[in-house]
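Accompanying notes for the structure given below.
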Amino acid sequence: MRYFIELAYNGTNYHGWQYQPNAASVQETLNTALSTILKTTIDVVGAGRTDTGVHAKQMFAHFDFDTEMDAPFYIHKLNSFLPKDIAIINIHKVSDTAHARFDATKRTYEYHINTQKNVFENENSWYHPSQLDIETMNAATQLLFTHTDFECFSKVNTDVNTFNCKIMEAHWQQNRDKLIFTIAADRFLRNMVRAIVGTMINIGLGKITLQDFQTILESKDRSQAGFSVPAHGLYLTKIEYKFLDAVGNKP
């Protein structure tokens, strides 16, 4: 039987989601917890990767287990076993062919910026005190919808078959000293969101124009785009599937 496990994590202490032989990862930590509690070797398959220091408010992974699982019982046991920076939200029994990565239809990320120094947000958002032109930055988000190839924002030498992504949502919102960029797409390239945010910061600072941004999008050249903002301000906030509703519960 196949199960989807829904979790959240603070990525500060992990070298990303993906297993790495000489560094702590969320995937390895979850595998160890499940294997210990279920008394068999479990290897979860994640919905995607998050880089070192990136957080997830909602992540999914699937695994196979021969026995019918009592979800509330195992959620409690896993949360008692796992470190405080990983939390299990739910466990769903799904079709044997369901796939956490390939069946995802939409992924949403947020990037959090504080414009005033906040000692309680040092690990959870990026402190950037300079004045930004949010109106022009929001105008730039509209240009994202006119493109599908985002090679200009992809990490170089990445192993992908296509740089095409369908952007479904993109906007900036400011509430006092907190600035949040939200973006949703069917898929994302490695480093894509952080590169988009860094480039838009340059727009907000007046270093590049909207026409420059259009030229960058058309260039397919990472060196033309802006810097990548720090990982600790980035959150994977939602992953959607046709067979699960937006909050991860079966409809």
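The values are calculated or read from the model by the stated rules, or taken from the named source; none is laboratory data. Since the model is a prediction, treat every value here as computed from it, not as a measurement. In this analysis, Cβ positions are derived from the backbone assuming ideal geometry, glycine residues included, and neighbour counts consider all displayed protein chains. The area values use the complete protein model at the heavy-atom level, side chains included, leaving out ligands, DNA and RNA. Shrake-Rupley method; radii C 1.70, N 1.55, O 1.52, S 1.80 Å.
Every test in (1) open to solvent by less than 70 Å² (accessible area, probe 1.4 Å); (2) among the aromatic types (Phe, Trp, Tyr); (3) part of a helix (DSSP H, G or I) is passed by PHE73 save one, and that test is (1). Under the condition of being of a type in the set (Val, Ile, Thr), assigned to a loop (DSSP other than H, G, I, E, B) and open to solvent by 50 Å² or more (accessible area, probe 1.4 Å), the residues counted in the range 45-54 number 1. A single entry from ILE37, ILE42 fulfils the requirement of being touching a residue at least 40 places away in the same chain (Cβ under 8 Å) and either over 22 Å from THR105 (Cβ atoms) or among the basic types (Lys, Arg) (or both): ILE37. Looking at (1) farther than 30 Å from PRO129 by Cβ; (2) at pLDDT 95 or above; (3) open to solvent by 20 Å² or more (accessible area, probe 1.4 Å), which one does ASN10 not meet, given that it meets all the others? Here ASN10 meets the rest and fails (1). Every residue in the range 210-242 that is open to solvent by 50 Å² or more (accessible area, probe 1.4 Å) and assigned to a loop (DSSP other than H, G, I, E, B), please. Hits for the range 210-242 are LYS220, ASP221, PHE227, LYS242. Restricting the range 131-178 to residues that are of a type in the set (Ser, Thr, Tyr) and over 13 Å from MET200 (Cβ atoms), the residue that is least open to solvent (accessible area, probe 1.4 Å) is SER154. Taking the range 84-113 as the range and being more than 17 Å from GLN58 (Cα to Cα), surrounded by 13 or more Cβ atoms within 10 Å (Cβ to Cβ) and more than 19 Å from the chain's Cα centre (by Cα) as the test, the residues that pass are LYS93, VAL94, ALA98. Of the residues making up the range 94-104, one or more are assigned to a strand (DSSP E or B), touching a residue at least 24 places away in the same chain (Cβ under 8 Å) and either out of contact with any Gly (no Cβ under 9 Å at 6 or more places or on another chain) or on the phi < 0 side of the Ramachandran plot (or both).
When the range 14-44 is filtered for residues that are surrounded by 19 or more Cβ atoms within 10 Å (Cβ to Cβ) and at positive phi, only GLY16 remains. Of the numbered criteria (1) part of a strand (DSSP E or B); (2) basic (Lys, Arg); (3) modelled with pLDDT under 95, the one LYS57 fails is (3).
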